[in-house]
Every structure is written in C-alpha cells, then in structure tokens.
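J.: Take a look at the following structure, please.
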Amino acid sequence: MVKQFSALLIFLVVFIFLSYIYYFSVDFPFQDDLLLIDFVEKVDSGNLGFITFFKELFKTYNDHKVVIPRLISLVDYKVNGYLNFKIYIGLISINLMYILYFLYNQFKRIKLPLFYFLPVPFLFLHPQYHEVSLWAINGMQHSFLTAFLVSAIYLISKNTRSGFYGAVVFCFLATFTHGNGILSFPAIIFYLLCYKEFKKAAGFAAFMFAALGIYLAGYETGQAAGLPPNISVFVFSLLGFIGASMAEWDNFLLYTVIWGGVIVFFAAFLVFKMIRSGFEKKENYKPQVNVELLTLLGFIFITSTVIAVFRSWQGVTLTSRFQLYAALSSCIFYLLLLNYSRIFRSKNVFLIITFLSIGYWAHSYYKYNDIVADKRTKYMADIYNWRYDKTFLTVEKSLLDNAAFYVFPAYKKGIFRLPESAISKNELDSLISANKNSRINASVALRKQPVVRPDKNGLIADTTYFLVNEKMPKPTSFFNDRFVVLRSRTTHLNYLLCANPEKEGRKAWATQAQYHKDGFLCFVQNKNFPTGQYEIGMLDIDSKGKKKFTLFTESLIVQNEKLRIEP
C-alpha cells in the first residue's frame, strides 16, 4: 500500500509539472530562438553548398555551437513545414523526465523502499529553472546536454568496448549542444579514474582534445565577459551556483553559498575516502560510493567553476538557466546521503526531509509563478503585436532590427508561424470605441528604476519604466491574462503589453489563497515606441476567452525615448 501511494504521489508531481509546462508554454520565438529561424531560413533559401551548410551548422553564437538545436529545428521544418517552438519545449520536458529516470535508477541501487525517493521529484520538478523548462533554445541546450551526459555515464558504467565508444559519441553530442558540453569529457574521465582505468581515461582524453579542436575551429567570442574582481567573488559564485536551490528567500546569497559549500564539502569527503581506499586496495578495487552520481555532480562542479570564472565579472550572479544544475545538485546530495549514512534512512529524519521538500516545492511555485505567468502573457501580447504591426515588444527594438533581414523573409515563407492572437484588432477597436465616454481615473503612475547594463566597454547607466496601479482593477483568477493596451492617437495602432499584477506576500497566499494584488504592473520598453501620445487601457481575458476592457483617463507621452504620464 505504501509503495502504491508513493508511486501515485510521484506521478502526481510529474503530472502537475508537465501540465504546468504545457499551459504556460507558447509557440513563440523569444530572443535567441531567432537563431533557429536564421539557420532554417538560410537552408531554405537553397543557396548553401555542402561546405557552407556545415559552416552555418557549426557557426558560433554567444560562445556556443548549437549544432543539435539547429538540427532539431531543421528536421522539424522538413517534417512539419514550419518551426513549432512549443514542440521544442515538449522535447525539453521529455529530457527532464529522462534525467529524473536516471536519478531513479541510481536510487534503486540503494535498495530502499520507493517512498525514500519521494523528496527527489519535489526537489527537481518545479519552476525555479523556468528559463530551461519554458524557453525553447535555452532549454534544448541545457536539457539535451544533461541528457547526453547521463547517457554517457550509463554507457561507460557498462564497462564494455561499445559502452566506451557510445559514451564518446554522447560527449561529442553534448559538446555541440552547448558551450559547457565539452566539460562532459572531464566528467567521464573522472569516472574512469575512480575505477583506476588509466588507459581508458587517457583514450577518452584524446577524444576530448579532438572534440575541443573541432569546437575551436572557426570559434568566435560572444557576449561580454571578464574575470571576477577578486577571489571571494569567485568562491561565492562557485558555491552559489551549486547551492542555488536555496535562492528562494530574502538574503538568498548567504543561503546558496552555505548550501553549495555543504554539498561540495560532502562530495569532496566522499572522493577523498574513495582515493584513500584505492591506495589501500590496489587490486580488484571497487569504489564503495555511487560513482555515477559523483560523476554528474563533478560535471556540475566543473561547469560552475567555468561559469564563476567568466560570468562573475559584475559580481555574484545567479540566473535561472543554470539552476537546473542546482536542482540536480540537491537531488544528488540527498541520494548520496541515503547511500552513505543510515541516519537519513531513519523514519523520523526521512519524514522531516520529505515535509521540507514538499514545502520547498510549493514555495518554488509561489516564488516563480509570477515570472512564468508574465512571460506567457508577454508572448501572447507579442503575437498580437506581430500580427498587426510586425513588431515584438518583449525585446528591445534593436534586436528585431538586427534580425529583420531573415525574420521577415522567414515569416513570409511560413518558416515560422504564430498562433491566433487572443483578440483581433477589430474587436479591440470596438472595445476602445465603446469605452470612449466611460473612462476611469485610476491614478495610473509611472515608476522609474535606474539600472546598469553590461557592455563590452563596461557598464552603461539606463532607466527602466513601469506603468503601475495598485488599486484597480481588482485581481482576477491566476489563469487570467491582463494586458495594458496602448493606442497611438496619431497612427491609431494598438499595442498589447503584459500587465499582470504584482504577487501578494506569503501570508495572503497561504491564508487567503490570493496570489495577485490589486491593479497592474506593466514593463514598457521605452526604446520601442515612437514619439507620440498613447491612450491607456486595460484588457482582461479569462481562461474561457471572456474579455473585459477598461479605458483610463491618463495618457502615456513618449518623447525622445523618455516617458511621462498626463492626466
């Protein structure tokens, strides 16, 4: 009975996660997703020879050779006739389930009842790493890389000739999926050294240098990067990346560094014990720890080291795209504790860990739901903006301007399509006209926030703008979408922007089941709008498609990329 209940609970966590991904994913190309459109458009043009095709396939983009995502997009186009970004997010979900299955297989070796595995899905399947689970190209890079690595670990553990070369193939695939993929080779070499397979390790190193040579051929440096300003920033970044599962609360940096330090210390302790045992028993040596899990954790450590070296020049930064590895680190840590110490198998300790993991899982959904929901609404808004004005407001105008030479031809050819917009222009025009004489004074305000942006020449001071209202309209269901409508008084064009309200505090969320506050919060890319005056409206669309529109008395004035509100 306990086994069946445990299996049901694990299935429920998986079902919630996959349903969540399905609902919040949108068939929409965001930022670096345009890279896939660029590649397929060039191939579709028919002007690429065999050599030129491979140059484009292996072309460096922001330090990465994204060969595998490019090939996947090309196959998708050849099969379906267009690029479907929601399909790619589905592939990411499959990869994540495969990685979870790898963890389960490692758990089975401990030979404990299934309920001991319960904390793992709670620690792994949540939206903290939403930039992996819900962003097509970024998710394909990190999820395929990790899936290739765990496949290589599985094959090398078979201790066969075919397993060795199979692991080499998967490490090559990882290398040309994401820039950090080359680090899968040192991870497998670590595995071989743990078993004192020195000749195999040397052979694997030779393949690593071959892969590195191919990778560096035609390599071009990408985005701005530099070395950390001091050793403490490097150490804090390294430990923070590994322990970033704890980036859930205020003062998160301290918690992430402590958690990362505990994981690294425990792993180092196990490695030290393994090395000492290897020296004591020189023949027929077998490590007494789970080397497969240590290998995956070793890859995460090496990757975190590289990230800390080249991405900490502005200070300690934790980003969602790397928190997939942090989630894995916590899961591996738990499984290693189960494998190593009987204390963590005791009923009381297990129950404490399980309840903490459930609380952590629930809090992660609370913490990141607003970010995930905002992205979904932004993409839905830009589907409208592209359909009626061929513009994206989710990114700065310069990105679309630089990509215009392939994005517009690709759209004309049907290489990428966008779903139907949530509302048509005629319907929105009718709603605006119907509310002309019933405007509401809602005290819409403009919030300015100074920021600094990284650049190859240093940091540039800038200002971000938010349209805000903290009183009305009242909060709607979490599954509703709220948009700000900006209507140009000159061109009569309508623009949609995400305007989901800010989230309530933990107390209101826990006691009143209320996630959103009153009003709205709308980020405005000031550089995307031409000079002029814009009427401000509010559009709510519920999960059944029912629409409610409000027109405000205030107007937004754009002049020389500066914004202000007029009553």
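The values are calculated or read from the model by the stated rules, or taken from the named source; none is laboratory data. All values reported here derive from a predicted model rather than from experimental measurement. Ideal geometry is used to build each Cβ from the backbone, glycine not excepted, and the neighbour counts take in all protein chains shown. The area values use the complete protein model at the heavy-atom level, side chains included, leaving out ligands, DNA and RNA. Shrake-Rupley method; radii C 1.70, N 1.55, O 1.52, S 1.80 Å.
J.: What does the accessible area of residue 114 come to, in Å² to the nearest 10, when a probe of 1.4 Å is used?
T.: 30
J.: Would you work out the relative contact order for the chain, in percent, from Cα pairs under 8 angstrom that are 6 or more residues apart?
T.: 14 percent.
J.: Using +1 on the beta carbon of Lys and Arg, -1 on that of Asp and Glu, and nothing else charged, what's the dipole of segment 460-541 about the Cα centre, debye to 20?
T.: That gives a dipole near 80 debye.
J.: Can you pull the accessible area of residue 399 for me, 1.4 Å probe, Å² to the nearest 10?
T.: About 60 Å², ignoring ligands and nucleic acids.
J.: Which of rounded, prolate or oblate describes segment 414-567 when judged by the alpha-carbon gyration tensor and an a/c cut-off of 1.5?
T.: Rounded, because the longest to shortest axis ratio a/c is under 1.5.
J.: So which DSSP H runs in the chain come out at 20 Å plus along the axis (Cα) with average Kyte-Doolittle of at least -1.0?
T.: In the chain, the long hydrophobic H runs are 2-24, 85-108, 136-156, 161-175, 198-216, 252-280, 291-310, 323-340, 347-389, 397-413.
J.: Related question: Return a whole-number percent for the relative contact order of segment 488-567, with Cα pairs under 8 Å and 6 or more residues apart as the contact set.
T.: RCO, segment 488-567: 25 percent.
J.: Can you tell me the dipole magnitude for the chain around its Cα centre, using point charges on the Cβ only (Lys, Arg +1; Asp, Glu -1), in Debye to the nearest 20?
T.: Roughly 1340 debye, rounded to the nearest 20.
J.: Amide H neighbours of residue 243 under 5 Å, counting only residues 5+ apart in sequence or on other chains, H built in-plane at 1.01 Å?
T.: Here 260 satisfy the definition.
J.: Out of segment 469-500, which trypsin sites (Lys or Arg not before Pro) are coil in DSSP terms and have no more than 15 other C-beta atoms within 10 Å?
T.: Here the trypsin sites (Lys or Arg not before Pro) that fit, given the DSSP loop and packing criteria, are 471, 489.
J.: Which of the three applies to segment 91-175, rounded, prolate or oblate, going by the alpha-carbon gyration tensor with a ≥ b ≥ c and a/c under 1.5 meaning rounded?
T.: Because a/c hits 1.5 or more and a/b fails to exceed b/c, segment 91-175 counts as oblate.
J.: Once the dipole of segment 151-263 is set up with Lys and Arg at +1 and Asp and Glu at -1 on Cβ about the Cα centre, which of 218, 170, 261 lies farthest towards its positive end?
T.: Ranked along the dipole, the leading option is 170.
J.: Can you give me the solvent accessible area of residue 109 with a 1.4 Å probe, rounded to the nearest 10 Å²?
T.: So the heavy atoms of residue 109 present about 120 Å² to solvent.
J.: Hey, what number do you get for the chain at 222 nm if only DSSP H runs of n ≥ 4 count, each worth -39500 (n - 2.57), divided across all residues, to the nearest 500?
T.: The helix contribution divided over the chain gives -18500 deg cm²/dmol.
J.: For residue 78, give me every one of the lysines with a C-alpha distance below 28 angstrom, ignoring sequence neighbours fewer than eight places off in its own chain.
T.: Partners found: 42, 55, 59, 65, 86, 390, 412, 413.
J.: Where a ≥ b ≥ c are the square roots of the eigenvalues of the C-alpha gyration tensor, would you call segment 298-396 rounded, which needs a/c under 1.5, or, failing that, prolate if a/b is larger than b/c, or oblate?
T.: Verdict is oblate for segment 298-396.
J.: Within the chain, which is the longest segment that contains none of the GluC sites (Glu not before Pro) sitting in a DSSP loop with at most 10 other Cβ atoms within 10 Å?
T.: No qualifying site falls inside 1-219, the longest such stretch.
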